[in-house]
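Working notes, structure below.
The values are calculated or read from the model by the stated rules, or taken from the named source; none is laboratory data. What you see is a predicted model, and the numbers here were worked out from it, not measured in a lab. Cβ placement follows ideal geometry from the backbone for every residue including glycine, while neighbour counts extend to all protein chains displayed. Side chains are part of the model used for accessible areas, which takes the heavy atoms of the whole protein and leaves out ligands, DNA and RNA. Shrake-Rupley method; radii C 1.70, N 1.55, O 1.52, S 1.80 Å.
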Amino acid sequence: MRVASTLLCAAVAVQALALPTVQDVLQNPVQDTGRYLIELAPGETRWVTEEEKWELRRQGHMFFDMTEIPDLGSIPKPSSAVKYPTKISHNETVAPLLKKLEKKEM
């Protein structure tokens, strides 16, 4: 009985920690415009209403609702180009190891 009540208290505590705080809600307000940003395929997004979402579901279309996280999956642009080495280095260290490589283990 004690174990069950302890587990129940732990479960309630975990749920309480998972709920957003008032500050979270105030800092990130969700504006209910009645429209949702969905992704139908990678890179293919569109704004739809609730009824349009249900119609897509009835038609068997799979999509991801990304209304609250519109930049999800976007690839950040690199700040600078990659700089490759111009000179070969560590050649004397690598050369002896090449003889020990076996393709069957790859």
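Leaving ligands, DNA and RNA out of it, report the carbon-plus-sulfur percent of the accessible area of segment 35-75 at a 1.4 Å probe. It would help to have the intermediate numbers written out before the result.
On the way: 1770 of 3150 Å².
Ligands and nucleic acids excluded, carbon and sulfur reach 56 percent.
Once the dipole of segment 41-104 is set up with Lys and Arg at +1 and Asp and Glu at -1 on Cβ about the Cα centre, which of 41, 64, 86 lies farthest towards its positive end?
86
Excluding residues fewer than 8 places away in the same chain, name every one of the aspartates and glutamates whose C-alpha is closer than 14 Å to that of residue 77.
Qualifying aspartates and glutamates at Cα under 14 Å: none.
Ignoring ligands, DNA and RNA, how do 93, 67 rank by accessible area with a 1.4 Å probe, largest first?
Descending order: 93, 67.
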